[in-house]
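One structure below.
The values are calculated or read from the model by the stated rules, or taken from the named source; none is laboratory data. Keep in mind it's a predicted model, so treat the numbers as computed, not measured. Neighbour counts are summed over all protein chains in view; Cβ atoms, including those assigned to glycine, are modelled from backbone coordinates with ideal geometry. Side chains are part of the model used for accessible areas, which takes the heavy atoms of the whole protein and leaves out ligands, DNA and RNA. Shrake-Rupley method; radii C 1.70, N 1.55, O 1.52, S 1.80 Å.
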Amino acid sequence: MKPAKSSPVQIARRGLMLVISSPSGAGKSTIARTLLETDKHIGLSVSVTTRQRRPSEVEGVHYHFKSVREFERLRDSDALLEWAEVHGNFYGTPREPVEQAMAEGRDMLFDIDWQGAQQLQEKMSADVVSIFVLPPTMTELQSRLHRRAEDSEEVIQTRLANSRAEIAHWREYDYVIINDDLNTAFDAVQSIVKAERLRRDRRHGMFDFVRELLEETPSL
Ligand SMILES: Nc1ncnc2c1ncn2[C@@H]1O[C@H](COP(=O)(O)OP(=O)(O)OP(=O)(O)O)[C@@H](O)[C@H]1O
Ligand SMILES: Nc1nc2c(ncn2[C@@H]2O[C@H](COP(=O)(O)O)[C@@H](O)[C@H]2O)c(=O)[nH]1
């Protein structure tokens, strides 16, 4: 006999944590921004940082800009889910908005480095899907940092010097994409999000089915 038709899902599906990392200038923030604009079902985890605000950045939208003292206070009171020193500044993910989003089944995007990705993977591996973005060439990476024209030459050189060590972590990610043509790279990210949501929804829907299956004829 076939099991009874499954009833509506009882347990809330947890949100997806989409982590995107790359060396500076490879284009992860551009891809992330496009995803946030086109997909209303994903929100951005707004990090705290001790870095200087760039001319184009808005407090509370791109980052919460903090002094080192304020950052240390947040870190030491366990208000950060993960944190790292990157290119000489501190960055961290506020814990509370993430835990709330996950519990409510809302998907979240994290534009964080490999150290942060490792920490989230250790703490919340079941919820994390990670993508590493590579530049097509190192020359193009350098050109993009210059064309962006948001950082001093000294900062650009520091970021370029750090890029090889960052790229060395590519294998730790679930997906790796090359951001040569932006549309192609963005399509790949959209496909990943779609597939991962489908996988989670299907697995989640199985909870009720399996429960009913096992309850169907208890004597068997
Ligand atoms: N596929 C692409 N082709 C050409 N330019 C690109 C492409 N993707 C992004 N860019 C440009 O490259 C520059 C760097 O991109 P972006 O700021 O997104 O990099 P990032 O990886 O987020 O860097 P960071 O880690 O420093 O924040 C920007 O000026 C952006 O417009
Ligand atoms: N571990 C974390 N890394 C973060 C976080 N927020 C941003 N970042 C990463 O820092 C570098 C530099 O960013 P930029 O905005 O100064 O160019 C980049 O790799 C970001 O992904 C965070 O909360 N935690």
Inset, instruction - Kindly list, by first and then second residue, each pair from a residue in the stretch 41-58 that is part of a strand (DSSP E or B) and away from ligand 1 (no atom under 15 Å from the Cβ) to a residue that is open to solvent by 30 Å² or more (accessible area, probe 1.4 Å) and among the charged types (D, E, K, R), limited to pairs with Cβ atoms under 6 Å and residues at least 6 apart or on different chains. - result: V48/K66
Inset, instruction - For E196, work out the one condition from (1) among the acidic types (D, E); (2) open to solvent by less than 80 Å² (accessible area, probe 1.4 Å); (3) under 20 Å from H87 (Cα atoms) it doesn't fulfil. - result: (3)
Inset, instruction - Mind telling me which of the residues F209, F186 ends up being farther than 19 Å from I42 by Cα and assigned to a helix (DSSP H, G or I)? - result: F209
Inset, instruction - Being open to solvent by 50 Å² or more (accessible area, probe 1.4 Å) and part of a loop (DSSP other than H, G, I, E, B) is the filter; apply it to the stretch 118-149 and report the residue that is modelled with the lowest pLDDT. - result: A126
Legend entry - Search result, residues across the stretch 61-115 that are assigned to a helix (DSSP H, G or I), touching a residue at least 60 places away in the same chain (Cβ under 8 Å) and within 15 Å of ligand 1 (Cβ to nearest atom): W114
